[in-house]
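Visitor: After the structure tokens below, expect a handful of questions from me.
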């Protein structure tokens, strides 16, 4: 190729072609079948993704699995889907399920990774920034006093902890005079600390509950005492992900596309850990009630499905079942 023509070719090539070239350079040219996969199937990939997007718009629970051996372009396909989803108005998050950093069975870690990698169409906002911006734009329409109006955006299914934090982020501190601030009963009024506390809580960080209660109190969250502010197990974090997807739809986005690379790492853990991961996968692929706001997409090697079919499920149990 003439070096003079290269900049023009680079400028005029579409995203799929460019990512295919990068994937070739990264993985080498030693597997002809892999190269064939990387240079084709764009139309098929678009078709299956768009089908799931239509299902999501119909309040169904779509999912997608991208399968293939190592080096056959699964990561490339996920990245391509992420960009296509953003172009179509979806919120996206793409994470690598490295069991040393983001073990799938510990869904709190998965939640934290998804929130940290979140991307909004046409914006570099974090989740907190996007939420507060949206609330600010609707300030004239939503009566934030007494929490009226937020319920039309925050789904009822949102766990109590996250609903309290989202409500607090949308509200101002209780106005206190200088004299009131000096009273002993208001010694916990630390307005400079509240934004950090609430943002960290929404990210899934570990925080002292008593400090969070102070922030919720002075941010005028009237219902925060109605239930525990402690999240136990993986279920609250999974439900928070599903509810955030629905909340994004209420905010005007099409939903939340969740992209998981190296899904086969789920099968590399001990049997009882795999059991919990399989349970979470079941909620992703076959929920008892539709998760109409999220679109999970996993990349697996074929070996993972062979392992799932060959599991001795009599060995897969929890301590409560013994």
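Visitor: Work out the FRET efficiency for residue 190 and residue 222 from their Cβ-Cβ distance, taking R0 = 22 Å, and round it to the nearest 0.05.
Guide: FRET efficiency, residue 190 to residue 222: 0.60.
Visitor: PRE reach from residue 156 (point 7 Å along Cα→Cβ): which of segment 274-292 fall under 18 Å by backbone N?
Guide: Only 288-292 pass the distance filter.
Visitor: Put a dot 7 Å past each Cα toward the Cβ at residue 124 and residue 14; how far apart are the dots in nm?
Guide: 2.8
Visitor: Can you give me the C-alpha center-to-center distance between segment 37-94 and segment 243-322, rounded to a whole angstrom?
Guide: Their Cα centres are 17 Å away from one another.
Visitor: OK, next. Once the piece of chain linking residue 50 and residue 70 is laid out straight, how much longer is it, given 0.36 nm per residue of separation minus the C-alpha distance between them?
Guide: 4.7 nm
Visitor: I would also like to ask the following. Taking 0.36 nm per residue of sequence separation and subtracting the Cα-Cα distance, how much length would be gained by fully extending the chain between residue 101 and residue 230, in nm to one decimal?
Guide: Using 0.36 nm per residue and subtracting the Cα-Cα distance, I get 44.1 nm.
Visitor: So for segment 129-226, averaging the separation of alpha carbon pairs under 8 Å that are six or more residues apart and normalising by length, what relative contact order in percent results?
Guide: Normalised by residue count, the contact order of segment 129-226 is 35 percent.
Visitor: Let me ask you something else. At 0.36 nm per residue, minus the direct Cα-Cα distance, what do residue 137 and residue 205 gain on full extension? Give it in nm, one decimal, please.
Guide: Residue separation times 0.36 nm, minus the Cα-Cα distance, leaves 21.7 nm.
Computed from the coordinates by the stated procedures, all read-outs in this text should not be read as laboratory data. Worth saying up front: this structure is predicted, and the values here are computed from it rather than measured. Every residue, glycine as well, gets a Cβ built from its backbone with ideal geometry; the counts of neighbours run over all protein chains shown.
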